[in-house]
Amino acid sequence: MNLESIRTIKRQTLARIAEITEQPKPSYQIDGQQVAWAEYLKQLRATVDWCNRALAAEQPFEVHSQGYT
């Protein structure tokens, strides 16, 4: 997956988190279907964590070292 796709996923996921936390809803069950908002939010946060790890792994890094004689 390319970096721009990961950035898009992260941006969309953060927008969804903002939407559902603006007006939190309780979990409920209706007609045999369960809606677990807390679990959904947990999954969204895990997606953001995955995006952060994937983006960090692709960032160039520099190692500074100093030798002693």
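Annotation note: Cβ proximity below 7 Å between a residue of the stretch 10-39 that is farther than 27 Å from residue 54 by Cβ and a residue that is surrounded by 11 or more Cβ atoms within 10 Å (Cβ to Cβ) and not hydrophobic (A, V, I, L, M, F, W, C) (sequence gap 6+ or interchain) occurs for 35/27. Within the stretch 1-36, work out how many residues are loosely packed, with under 12 Cβ neighbours inside 10 Å and touching a Ser or Thr at 6+ places or on another chain (Cβ under 8 Å). Selection size over the stretch 1-36: 1. Within the stretch 37-64, the set of residues being within 18 Å of the chain's Cα centre (by Cα) and not in a helix (DSSP H, G or I) comprises 59 only. The condition (being at pLDDT below 95 and either open to solvent by 100 Å² or more (accessible area, probe 1.4 Å) or among the hydroxyl-bearing types (Ser, Thr, Tyr) (or both)) is satisfied by just one residue among 58, 39: 58.
The values are calculated or read from the model by the stated rules, or taken from the named source; none is laboratory data. Every value quoted in this text rests on a predicted model; they were computed, and no experiment measured them. FYI the Cβ positions are ideal-geometry reconstructions off the backbone, even for glycines, and counts take in every protein chain you see. In case anyone asks, the SASA skips ligands and DNA or RNA and just uses the protein heavy atoms, side chains included. Shrake-Rupley method; radii C 1.70, N 1.55, O 1.52, S 1.80 Å.
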